[in-house]
1. Considering the stretch 314-329 alone, what residues qualify as being modelled with pLDDT of 90 or more and either open to solvent by 70 Å² or more (accessible area, probe 1.4 Å) or within 30 Å of the chain's Cα centre (by Cα) (or both)?
2. I'm trying to understand the selection: among the residues of the stretch 122-159, which are in contact with a Leu (Cβ under 8 Å, 6 or more places away or on another chain), of a type in the set (S, T, N, Q) and within 22 Å of PRO34 (Cβ to Cβ)?
3. What tally of residues in the stretch 190-208 results from selecting those that are surrounded by 14 or more Cβ atoms within 10 Å (Cβ to Cβ) and either out of contact with any strand residue (DSSP E or B) (no Cβ under 7 Å at 6 or more places or on another chain) or under 15 Å from PRO235 (Cβ atoms) (or both)?
4. When you scan the stretch 165-272 for strands (runs of 3 or more DSSP E) that lie fully inside it, which ones turn up with 3 or more residues that are closer than 30 Å to HIS44 by Cβ?
5. Among the residues of the stretch 240-260, how many are within 15 Å of the chain's Cα centre (by Cα) and small (Gly, Ala, Ser)?
6. On the basis of being touching a helix residue (DSSP H, G or I) at 6+ places or on another chain (Cβ under 7 Å), within 20 Å of ALA135 (Cα to Cα) and in a loop (DSSP other than H, G, I, E, B), does ALA89 make the cut?
7. Looking at ALA57, ALA43, ALA85, ALA5 in this structure, which one is in contact with a strand residue (DSSP E or B) (Cβ under 9 Å, 6 or more places away or on another chain), without any contact (Cβ under 8 Å) to a residue 12 or more places away in the chain and open to solvent by less than 90 Å² (accessible area, probe 1.4 Å)?
8. Consider the stretch 424-444. How many of its residues are open to solvent by less than 70 Å² (accessible area, probe 1.4 Å), in a loop (DSSP other than H, G, I, E, B) and under 18 Å from SER371 (Cβ atoms)?
Amino acid sequence: YDVYAVCRDDSEPPNLMAAVGGPVAATTADVTPPQVTLAATAAHEHNATLSVQLSEAGRWWWAVLEGGSGAALPSSADVIGGVAALPAAVDAGGPVVADGGGTVLEERLGNLAAATSYVVVVAAEDAAANRAAAASLAFATPDLTPPAGSASFFNASGSAIGIEVESDEAGTCWAVVVARGLAPPTAADVVAGVGVAAADAVVVAGASAYLSIEGLQSETAYDVYAVCRDDSEPPNLMAAVGGPVAATTADVTPPQVTLAATAAHEHNATLSVQLSEAGRWWWAVLEGGSGAALPSSADVIGGVAALPAAVDAGGPVVADGGGTVLEERLGNLAAATSYVVVVAAEDAAANRAAAASLAFATPDLTPPAGSASFFNASGSAIGIEVESDEAGTCWAVVVARGLAPPTAADVVAGVGVAAADAVVVAGASAYLSIEGLQSETAYDVYAVC
């Protein structure tokens with residue numbers, strides 16, 4: 001401002017100065033703090049750019065605290081005091097001198113962590129030391145780093161493989177199963193589930209998650225690959241795929257059992273067993289043939305103690321995986337008797353097959369023991385009594401007295417003066433009447449059964 005003054009005396013009439021005094025140049029004091037305009041750009045994980053514009057010449061200070069827009073804000077005095085006054089500040093600085101032309105000044109904010117919310121607080125004052133209230137601006141650093149993850153084998157069943165995945169960031173992990181030895185899939189392929197089977201799970205940072213990959217073939221070797229992606233915006237996917245984790249599904253299929261039995265003797269037989277895979281087997285022999293009630297696999301494995309009716313039992317017999325046919329001698333058998341042999345088998349993984357059975361019969365290789373004795377005679381016939389210790393047939397022929405004895409085949413063929421035959425029951429007598437003979441004639445009678 002300019003100030004002008006004039007005076008007038010107290011005389012009557014009063015006299016006013018003709019000339020005005022002045023100008024006296026004067027300016028009012030600055031009592032208004034500057035206006036502060038803030039902007040923050042966080043294009044990196046660990047630093048950001050702060051832009052500050054003051055409405056007048058002055059200077060400003062800043063402090064960065066973790067917590068975002070909800071954080072309790074410090075006073076301007078604390079900001080000016082720097083880290084000494086704000087030990088929680090991750091970065092602080094100033095003063096930065098601003099001219100009076102509204103120039104936007106930038107300052108780099110450092111010591112920041114990725115994917116973290118912050119608030120920057122600015123204290124400003126003009127050249128007259130009019131201090132503005134603290135101005136603040138919330139911002140967040142981005143997450144530009146893919147998570148670090150791991151995958152390891154957990155377990156396997158006949159149709160599934162379980163793996164354990166872990167990521168150092170919250171997000172999602174995917175896993176795919178491919179045939180053993182195939183080229184590794186890309187990270188995008190794993191996310192898309194390109195493979196034999198796939199699974200995914202949400203993960204918590206630093207905690208393990210379990211993925212069960214279903215629908216697999218038993219007893220098959222696979223490679224498992226995994227990849228993780230964090231929950232940042234935009235999300236970061238691991239560039240490198242984790243794996244391969246070698247895994248083989250469990251053997252849940254019992255072996256197939258092929259049986260054969262050869263009974264070339266009356267009192268023993270040969271059992272032939274072939275398993276479709278490596279394992280072991282047991283056997284038990286019971287009388288009764290194909291109509292007999294069959295024991296369980298557990299009873300067969302228990303042997304004679306579990307099957308007191310078994311005439312023979314044994315095992316285990318170890319079988320290799322090459323389909324080798326193994327033989328075992330079955331003993332304690334009776335001639336001409338029907339039996340059933342029951343086999344229990346399990347593979348190396350203890351998968352037990354249902355009991356397999358095969359009926360067979362021992363042969364009768366022993367001729368019967370028989371006898372013949374005179375019973376009666378008429379003028380044209382001779383009656384004899386025959387007996388055999390086995391059921392069957394007996395034959396008799398009559399030859400002239402004193403001739404050489406016929407062979408057994410001759411007797412069966414009826415080679416002689418006359419012949420007869422009869423069916424016999426074991427241990428019972430039968431009567432043979434040999435007709436058409438000459439009266440008053442001496443004969444010899446021969447019989448065979």
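1. Correct list: VAL318, ALA319, VAL325, GLU327, ARG329.
2. SER136
3. Here the count works out to 4.
4. Fully inside the stretch 165-272 and qualifying: 171-179, 221-230.
5. Number satisfying all stated conditions: 3.
6. yes
7. ALA85
8. Total meeting the criteria: 3.
The values are calculated or read from the model by the stated rules, or taken from the named source; none is laboratory data. From a predicted model like this one, the values you see are computed outputs, not experimental measurements. Note: ideal-geometry Cβ built from the backbone for every residue, glycine included; neighbour counts use all protein chains shown. Heavy atoms of the whole protein, side chains included, go into the accessibility calculation; ligands, DNA and RNA do not. Shrake-Rupley method; radii C 1.70, N 1.55, O 1.52, S 1.80 Å.
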